[in-house]
1. Hey, what did chain A get for relative contact order, percent, Cα under 8 Å, at least 6 apart?
2. Taking amide hydrogens as modeled 1.01 Å from N in the peptide plane, which residues meet the under 5 Å criterion relative to A:Ser147, leaving out close sequence neighbours?
3. Which pairs break 31 Å Cα to Cα here: B:Lys77/B:Lys178; A:Lys162/A:Lys229; B:Lys47/B:Lys178; B:Lys77/B:Lys162?
4. Counting only other residues whose beta carbon sits under 12 Å from that of B:Asn191, what net charge do I get with K and R as +1, D and E as -1?
5. Would you give the gap between the C-alpha center of region A:189-217 and the C-alpha center of region A:82-106, rounded to a whole Å?
6. Please give the Cα centre distance for region A:259-278 versus region A:1-52, rounded to the nearest Å.
7. Most mobile of A:Gly121, A:Gly300, A:Gly60 per a Gaussian network model of chain A (Cα springs, under 10 Å)?
8. What number does the protein assembly as shown give for Rg over Rh if you use C-alpha atoms and the Kirkwood radius?
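Each reported figure results from applying straightforward, stated rules to the coordinates on display, with no laboratory input. Everything quoted here is computed from the prediction, not taken from an experiment. Neighbour counts are summed over all protein chains in view; Cβ atoms, including those assigned to glycine, are modelled from backbone coordinates with ideal geometry.
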Amino acid sequence: MGRLGLIAPIAWRNLWRNPRRTIITLIVVAVGVWSVLSLSAMMRAIAVSSRDASLRLLTGEAEIHAPGYLGDPGVAHRMPVPRGALLHFLQSPSVAGWAPRLRVPAIVQSEYRSRAITFLGVVPRRERLVSDLPASVAQGHYLSGPSDNGIVIGADLAAHLKTRLGKRVIVMSQASDGHLTEQSYTVIGIFDGPQAAEDEFAFTGLLAAQSMLGTGPDLSEIAFDAAEKTDLENVVTSARRSAPALDIESWKMFAPLAYALESLSDTYIVVWLTIMFVLMAIGIVNTQLMAVFERTRELGLLQALGMRPILIVAQVALESGLLVGLGIIIGALLSAATILPLRHGVDFGQFANAAQSYGVGRIFYPKVDLLAFVQFGLVIWILGVVATLWPARAAAKVDPVQAMSQS
Amino acid sequence: MGPIVSCRRVTKIYRQGVLAVPALQGVDLDIATGDFATISGPSGSGKTTLLNVIGGLDKPSAGQVSVDGVALATLDKNALSDIRLHKIGFVFQNYSLIPVLSAVENVEFILRLLDVPAAERQARAREMLREVGLEGLEDRRPARLSGGQQQRVAVARALASKPAIVLADEPTANLDSKTAEELIVLMARLNVQSGITFLISTHDARVIAHTRRHIEMTDGRITSDVAIKFAA
């Protein structure tokens with residue numbers, strides 16, 4: 001503390017000996033920090049929007065399947081209703097919700113047209129825990145229970161089939177005995193969602209689907225969400241321990257686009273941080289080298305008076321620390337001022353359809369993440385101070401005799 | 001009591017390309033505690049080099065220098081810094097103050113390096129400034145002090161740590177005659193009052209007039225070393 005009390009006032013006042021240079025450097029640091037924090041908040045918000053849009057569509061944060069189902073997602077690869085350790089896991093506090101499904105490829109046919117789809121038998125009450133589609137029904141209503149034998153289809157599929165609420169469609173698929181089976185369903189609901197989902201998915205009650213396909217109580221998949229998003233990998237590991245014979249994977253496998261976007265977001269932040277840091281470092285090092293060069297005589301004087309070289313290094317580094325620290329605070333405040341007005345959501349507007357086709361939600365919600373601010377700020381500050389060790393070392397190496405001989 | 005400064009066959013040779021330029025050639029010198037000594041000689045005679053070598057700012061090419069019983073040749077950079085801090089006070093020609101610190105802060109700077117407690121530090125710094133006649137100007141920064149006032153601050157700073165010796169390199173060179181006279185009288189008075197040893201390099205006859213010992217140098221050698229009657 002004693003030494004800090006000695007060098008801190010000198011370091012602070014030295015900064016303002018050349019206010020123009022200090023202000024320019026402050027602007028460089030502040031703009032760099034502002035850009036890193038603001039754009040990373042945007043990128044993270046878009047990535048979260050993309051992930052949530054994908055996961056809340058149908059995937060859930062993780063899925064459980066019978067062995068072989070992922071390679072051949074047909075009725076042949078089924079698993080029994082969860083019981084024992086798996087049921088205990090699914091009912092544990094680490095799982096926020098889970099939904100059993102029978103999911104098979106099928107053909108849906110109206111009196112006009114047919115289309116290949118994914119046909120799902122679901123338990124509506126459980127489906128609402130992991131998916132937003134039940135709440136996206138724009139016409140009619142969602143399934144009332146597992147024995148409901150109506151069908152809910154997407155708006156785009158309804159348009160393609162030229163069908164509507166109350167009309168009947170035929171669903172054809174391979175039954176568990178290998179024969180082709182078909183069943184007539186009444187359209188009871190039409191949902192809105194991403195075009196790919198509207199085209200692909202059709203839902204009926206789980207018991208109705210099991211009856212049509214002759215699977216008995218068997219399931220194709222169980223989707224579940226972790227209680228804590230940050231703990232997902234541990235939860236998946238627990239799930240694998242509870243059912244070692246089943247395939248259990250996190251959403252990263254089932255929503256590769258969302259995962260790629262999230263990874264891209266992290267990569268982008270690192271790249272941008274690196275670029276900004278290099279530019280800032282050049283500015284800071286240049287500023288400090290000039291300051292050291294201008295103060296050669298004074299640095300020689302400090303040594304002549306008995307100031308140890310390490311203390312001179314500390315003083316120059318402290319000048320940088322104060323300069324970079326002030327720039328970071330200004331940049332962080334600017335960033336907060338940029339992000340806070342957007343916290344209620346940024347609408348992609350006319351680009352929404354394009355965004356949704358890439359799996360990104362229509363609206364994303366940037367937020368001020370204090371922890372990220374502190375982490376980024378600390379990284380930039382430490383790197384900024386480390387960068388000035390070069391001019392600081394140069395300052396400590398000043399020969400007092402030569403320095404003092406300068407006029 | 002032994003000498004506060006002892007130089008034995010001190011030689012300093014500077015290299016300028018292939019040329020070897022001798023700045024000091026076998027200097028033998030003892031400075032006793034309480035001395036008020038001046039060194040004079042023409043430019044290039046080695047006065048400043050001798051002060052730098054005694055002050056641990058420069059290393060001799062050969063020979064031994066000891067200050068207050070400590071042989072400087074054996075010390076590393078940090079230890080030399082400590083010796084300068086604890087045993088030597090400097091007054092330089094060009095009003096060498098830290099420009100971003102006020103007069104009192106410049107004096108306190110040395111005391112902070114010495115870890116003197118805050119209350120004692122502030123009291124001693126103000127007392128030193130009062131001693132050198134700068135009462136009321138304590139909070140002025142160097143840019144708002146005259147050359148003479150800056151040199152007084154430098155003297156106060158040099159004395160604040162109660163050093164074994166004060167080395168002053170041409171302290172009056174940039175001062176007008178009246179201010180120079182006042183400064184040298186001040187240093188002579190402080191020498192008498194506090195018993196601190198002064199070694200001053202100078203061309204100034206008025207300075208030499210106040211000294212008790214006068215050393216002449218030519219071409220890196222001591223050519224004369226005489227005790228003279230103090231004229232104050």
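1. The value is 26 percent.
2. The list, which skips near neighbours in sequence, is A:Leu207.
3. B:Lys77/B:Lys178; A:Lys162/A:Lys229
4. Neighbour charge sum, excluding B:Asn191 itself: +2.
5. Between the Cα centre of region A:189-217 and that of region A:82-106, the gap is 18 Å.
6. 19
7. A:Gly300
8. Taking Rh as the inverse mean 1/r over Cα pairs, Rg/Rh reads 1.33.
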